[in-house]
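A.B. asks: Got a structure for you, written out below as structure tokens; questions coming shortly.
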Number of protein chains: 2
Amino acid sequence: MQIRVGKTNSHKNFFFKCNHCNYSYETPMPIFISNVLPEILDVEKANIERSFKNGNIKFYESQGINGLLFRKSVGKIESGTMVCFGDKIEIIRGFPKIRRTLMLEPSLKIHFDQEVAVEEKMNGYNVRIALINNRIIAFTRGGYVCPYTTKKAPEIMDMDEFFNDHPELVICGEMVGTENPYVTHHYREIGNLGFRIFDLREKSSNNAMSIPDKIKILEFYGLPGVKLFEIMDIKDAPKKIFDLVFKLGKDNREGVVIKDPSMEIDPLKYTSSQAHNGELQYAFTYPFDFGRSFFFSRVIREGFQAYELNESEDEIRHRAHMIGESILYPMIHTIKHVANDNLASENIIIHVDNMNEAEDFVRYLRDLGVVATVHSFEDGKAIIRRVHQSTTDRISNFLRGGLY
Amino acid sequence: MQIRVGKTNSHKNFFFKCNHCNYSYETPMPIFISNVLPEILDVEKANIERSFKNGNIKFYESQGINGLLFRKSVGKIESGTMVCFGDKIEIIRGFPKIRRTLMLEPSLKIHFDQEVAVEEKMNGYNVRIALINNRIIAFTRGGYVCPYTTKKAPEIMDMDEFFNDHPELVICGEMVGTENPYVTHHYREIGNLGFRIFDLREKSSNNAMSIPDKIKILEFYGLPGVKLFEIMDIKDAPKKIFDLVFKLGKDNREGVVIKDPSMEIDPLKYTSSQAHNGELQYAFTYPFDFGRSFFFSRVIREGFQAYELNESEDEIRHRAHMIGESILYPMIHTIKHVANDNLASENIIIHVDNMNEAEDFVRYLRDLGVVATVHSFEDGKAIIRRVHQSTTDRISNFLRGGLY
């Protein structure tokens, strides 16, 4: 059965039209959840119903897009998946989690075939861009429509022709640069704001295009891909990747994603010591918001990297000292900052046309649970102040003598 | 109503005798849980019933002691509480959690009155010893009867006269030394195995004796107390405690417990940088068993201690480097150890009379979920090998190329 779905005035009912006999009827939401969704997603009905009941599949409406958002994975359907309603159902699958190798050599050997394609992993935020109801829409990793990225991505790159020819594809990439609302990192070739595409995937199936095909298409439409360093023989890969990641680290860059050129095997990621320490520094600038969850995996990565590289005593000592400094220095800095009656906050710069647009964006952030206010607007730039509330509250409390 | 309880042959029924009219009757367990327990503990019936249903209050039988064990707190009743059945009900309350100050000066000011008693906090394992059915029984923090401590404590100190005169008191103290099954730490004045008493508390109420009274009683019965450094004026306390903790740290000792001399206000604890690093070192020797849960609070303590002591750049750098080394060195050591086909394990030395007793103890550890085997027995000493399974398994898996 193929179906077309139209929302009726009542949010909870759906209008179905059978493509076969053209018979149309209205159906209440529970029937859609229980009977239609399992079929179009190919997931067991009981799993879908349980997730819906638990609130892990929830209604979502924003920026003119409405549908169902998967807050957690259900069967093979990734968290961050959006089932968008409109003229037809569009399924934008969540971006699959890329697993990490701690020991490059054995992982590559057992995971991949003959060759691997090594691309740069950039430090920004993961975005999926797709055509929904003839509009180009950008989704965050969690599946939310990001109004800022939806507005800025088309200014950075022209996707009209691409989506005209390939309405069934999803552009998966990283928004990067120093002036974006989520993850800021300076790249000399990017500057304020840029976009780098790493995958082209199909709606519904989430199948990814092979690396050579992806590169051809991106070149054809003049779209910016992430840097592909090399497609290399698996035998040379560990040594080459260590050298690469070492150089990237020296340049304060994050690391690599290692891919099967045909994209039939899941990619893996591997990152530089500098990236681990950079993340520790950020986490321990706001220790009670991020410290606990960020910490463990970063130091584990350092341990295995030092071991696999068979590092000398001096090298290990240096690595240990960097870990300690990345944890303690920012923490003490923030304690002093809060002791001087300040909030633990960070400034986010975004490009907007006016104050109203900045305030709209802050409202969107608040809906996501982020505490933020517009600090200033001038010359098309708004400074948004993001407050890290747990860090502010708990440090203030301890400074006043509160107990742990 | 006062009641006496005797267990009948059927484990699930209880024999009650009313102290008032001497009428006796048998009552099934659900009635005991729902009607008797809430009354004798002064906790709401619904809370008790919920905890019992969730398995947080469970039946326990070991070493001839049987009763109900509180795995989590219920109302004011602490986790680790044992309600022991026998000729009468004996309630051994859980040892109350001692909260920690991160900022000594403001905490002392708002928490205590005129004076504080500062005692040494020792690095061992918390034990409560009480008279149950005329036997001296030692309970672990979690409320389990520890066969080893039950046997060894009376060898270390003679409690017969004390318990003869004070059957309603509970001895709360720390088992310390290098040859014990739980936490080993070298103290030059202790050696292999010793016991230090920090509190005398009443059964049922958990009220603690004042510091002067406790000291008098311990002296009278020749029982070993923890070191009381001084009862000091609150105004001098922060400076004096910093000096003390600094000296203790230099001597690789843990820190202090700060008490209201009348024991009407809850005590607080404060520990040395060396203690924090020592715990990090242990945790990261077995990172996948302890690293995640140990880490955060230890580095937070370091941050606030450095801040409150207004440390110089050099002092902070040293503290940071110690943190990093305490994390990375033991982790790399264990990775290498497991890479050489070893288990991540530690040897525990206990004093037993024969192999059978050692094997009994290992069975007891296994019941607690600890993976252990008897490695050897010679001259009254058994070496127990405790295996840290998650660390062994996960490191082996990553070394073979498993993904994170």
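The values are calculated or read from the model by the stated rules, or taken from the named source; none is laboratory data. Bear in mind that the values here come from a model prediction, so they are computed numbers and not experimental data. Cβ sites come from the backbone with ideal geometry, for glycine too, and all protein chains shown count toward neighbours.
A.B. asks: Any residue at all in region B:74-97 that is among the acidic types (Asp, Glu), touching a residue at least 12 places away in the same chain (Cβ under 8 Å) and under 30 Å from residue A:332 (Cα atoms)?
C.D. replies: no
A.B. asks: In addition: Please go through region A:364-373 and give me each residue that is over 11 Å from residue A:181 (Cβ atoms) and surrounded by 13 or more Cβ atoms within 10 Å (Cβ to Cβ), ordered by number.
C.D. replies: If we filter region A:364-373 for residues that are over 11 Å from residue A:181 (Cβ atoms), which is where we start, we get A:366-367, A:369, A:371, A:373.
The answer is A:371, A:373.
A.B. asks: Filter region A:208-261 for residues that are among the aromatic types (Phe, Trp, Tyr) and over 14 Å from residue A:108 (Cβ atoms) and give the result. Give the steps one after another, and end with the answer.
C.D. replies: So in region A:208-261, the residues among the aromatic types (Phe, Trp, Tyr) come out as A:220-221, A:229, A:242, A:246.
Matches in region A:208-261: A:220, A:221, A:229, A:246.
A.B. asks: I would also like to ask the following. Report whether or not residue B:220 is of a type in the set (Phe, Trp, Tyr), without any contact (Cβ under 8 Å) to a residue 60 or more places away in the chain, surrounded by fewer than 21 Cβ atoms within 10 Å (Cβ to Cβ) and outside any loop (DSSP other than H, G, I, E, B).
C.D. replies: yes
A.B. asks: If I filter region B:195-204 for residues that are under 14 Å from residue B:92 (Cβ atoms), surrounded by fewer than 21 Cβ atoms within 10 Å (Cβ to Cβ) and modelled with pLDDT under 95, do I get at least one hit?
C.D. replies: Yes: region B:195-204 contains one or more residues that are under 14 Å from residue B:92 (Cβ atoms), surrounded by fewer than 21 Cβ atoms within 10 Å (Cβ to Cβ) and modelled with pLDDT under 95.
A.B. asks: I'd like the full set of residues that are of a type outside the set (Gly, Ala, Ser) and surrounded by 15 or more Cβ atoms within 10 Å (Cβ to Cβ), limited to region A:349-359.
C.D. replies: Answer for region A:349-359, where residues must be of a type outside the set (Gly, Ala, Ser) and surrounded by 15 or more Cβ atoms within 10 Å (Cβ to Cβ): A:349, A:350, A:351, A:352, A:357, A:359.
A.B. asks: Considering only region A:327-348, state which residues are under 25 Å from the mean Cα position of the chain (by Cα), among the β-branched types (Val, Ile, Thr) and either surrounded by fewer than 17 Cβ atoms within 10 Å (Cβ to Cβ) or within 14 Å of chain B (Cβ to nearest Cβ) (or both).
C.D. replies: Within region A:327-348, just A:327 meets the criteria.
A.B. asks: While we're here: Restricting to region A:28-67, name every residue that is within 22 Å of residue A:367 (Cβ to Cβ) and in a loop (DSSP other than H, G, I, E, B).
C.D. replies: Passing the criteria: A:55, A:56, A:63, A:64.
A.B. asks: If I ask for residues that are of a type outside the set (Val, Ile, Thr), in a helix (DSSP H, G or I) and out of contact with any Lys or Arg (no Cβ under 8 Å at 6 or more places or on another chain), which ones from region B:307-322 would you list? Write out each step before concluding.
C.D. replies: First, pick out the residues of region B:307-322 that are of a type outside the set (Val, Ile, Thr): B:307-315, B:317-322.
Of the ones still in play, those that are also in a helix (DSSP H, G or I) are B:307-308, B:313-315, B:317-322.
Selection gives B:308, B:313, B:314, B:315, B:317, B:318, B:319, B:320, B:321, B:322.
A.B. asks: Here is a list of conditions, (1) in contact with a Ser or Thr (Cβ under 9 Å, 6 or more places away or on another chain); (2) assigned by TED's automatic domain parsing to the domain that holds residue B:193; (3) modelled with pLDDT under 95, and residue B:68 meets all of them except one; can you say which number that is?
C.D. replies: Among (1) in contact with a Ser or Thr (Cβ under 9 Å, 6 or more places away or on another chain); (2) assigned by TED's automatic domain parsing to the domain that holds residue B:193; (3) modelled with pLDDT under 95, residue B:68 violates only (2).
A.B. asks: Only residues that are at the interface with chain A (Cβ under 8 Å from one of its Cβ atoms) and under 29 Å from the mean Cα position of the chain (by Cα): list them for region B:307-326, please.
C.D. replies: Answer for region B:307-326, where residues must be at the interface with chain A (Cβ under 8 Å from one of its Cβ atoms) and under 29 Å from the mean Cα position of the chain (by Cα): B:319, B:322, B:323, B:324, B:325.
A.B. asks: In region A:63-109, which residues are buried (at least 16 other Cβ atoms within 10 Å of the Cβ), within 14 Å of chain B (Cβ to nearest Cβ) and in contact with a helix residue (DSSP H, G or I) (Cβ under 9 Å, 6 or more places away or on another chain)?
C.D. replies: Residues satisfying the conditions are A:100, A:101, A:102, A:103, A:104, A:106, A:107, A:108.
A.B. asks: Residue by residue through region B:105-133, note down the ones that are under 21 Å from residue B:262 (Cβ atoms) and among the aliphatic types (A, V, I, L, M).
C.D. replies: The initial filter retains those residues of region B:105-133 that are under 21 Å from residue B:262 (Cβ atoms), namely B:107-121.
Within region B:105-133, B:108, B:110, B:116, B:117, B:118 meet the criteria.
A.B. asks: In addition: Inside region B:180-196, can you point out the residues that are assigned to a loop (DSSP other than H, G, I, E, B) and over 19 Å from residue B:80 (Cβ atoms)?
C.D. replies: B:184, B:185, B:186, B:187, B:188, B:189, B:190, B:191, B:192, B:193
A.B. asks: For residues that are within 8 Å of chain B (Cβ to nearest Cβ) and surrounded by fewer than 21 Cβ atoms within 10 Å (Cβ to Cβ), tally how many sit in region A:287-301.
C.D. replies: Within region A:287-301, residues that are within 8 Å of chain B (Cβ to nearest Cβ) and surrounded by fewer than 21 Cβ atoms within 10 Å (Cβ to Cβ) number 3.
A.B. asks: Further question: Looking at region A:382-402, I want the residues that are surrounded by fewer than 17 Cβ atoms within 10 Å (Cβ to Cβ) and have a partner that is assigned to a helix (DSSP H, G or I) and aromatic (Phe, Trp, Tyr) with Cβ atoms under 7 Å, at least 6 apart or on another chain. Which pairs are those?
C.D. replies: Between residues of region A:382-402 that are surrounded by fewer than 17 Cβ atoms within 10 Å (Cβ to Cβ) and residues that are assigned to a helix (DSSP H, G or I) and aromatic (Phe, Trp, Tyr), the close pairs are A:390/A:288.
A.B. asks: Okay, next question. Need at least 2 residues that are among the β-branched types (Val, Ile, Thr) per element, so show me which helices (runs of 4 or more DSSP H) inside region B:72-179 make the cut, counting only ones lying wholly within it.
C.D. replies: Here the list reads B:147-156.
A.B. asks: Within region A:306-326, does at least one residue satisfy the condition of being within 23 Å of residue B:100 (Cβ to Cβ) and of a type in the set (D, E, K, R)?
C.D. replies: No: zero hits.
A.B. asks: Here is a further query. Yes or no: residue A:334 more than 22 Å from residue A:176 (Cβ to Cβ) and touching a strand residue (DSSP E or B) at 6+ places or on another chain (Cβ under 9 Å)?
C.D. replies: Answer is no for this residue.
A.B. asks: Okay, next question. Considering B:284, B:304, which residue is at the interface with chain A (Cβ under 7 Å from one of its Cβ atoms) and outside any strand (DSSP E or B)? Show your work before the answer.
C.D. replies: Details: B:284 fails: at the interface with chain A (Cβ under 7 Å from one of its Cβ atoms).
Answer to the selection: B:304.
A.B. asks: If you don't mind, another one. Filter region B:243-276 down to the residues that are among the small types (Gly, Ala, Ser) and in contact (Cβ under 8 Å) with a residue 40 or more places away in the chain, then identify the one that is surrounded by the most Cβ atoms within 10 Å (Cβ to Cβ).
C.D. replies: Step one: list which residues in region B:243-276 are among the small types (Gly, Ala, Ser), which gives B:249, B:255, B:262, B:272-273, B:275.
If we keep only those that are in contact (Cβ under 8 Å) with a residue 40 or more places away in the chain as well, we get B:255, B:262, B:273, B:275.
Numbers: B:255: 24, B:262: 15, B:273: 22, B:275: 22.
Checking each candidate, the answer is B:255.
A.B. asks: Considering each residue of region A:353-404, count those that are more than 30 Å from residue B:301 (Cα to Cα) and either within 14 Å of chain B (Cβ to nearest Cβ) or of a type outside the set (Ser, Thr, Tyr) (or both), and give that number.
C.D. replies: Residues flagged as more than 30 Å from residue B:301 (Cα to Cα) and either within 14 Å of chain B (Cβ to nearest Cβ) or of a type outside the set (Ser, Thr, Tyr) (or both) within region A:353-404 amount to 25.
A.B. asks: Given (1) in a helix (DSSP H, G or I); (2) at pLDDT 95 or above; (3) of a type outside the set (Lys, Arg), identify the lone condition not met by residue B:293.
C.D. replies: Here residue B:293 clears every test but (2).
A.B. asks: Of the numbered conditions (1) closer than 26 Å to residue A:238 by Cα; (2) free of Cβ contacts under 8 Å to residues at least 40 places away in the same chain, residue A:154 satisfies every one except a single condition; which is it?
C.D. replies: (1)
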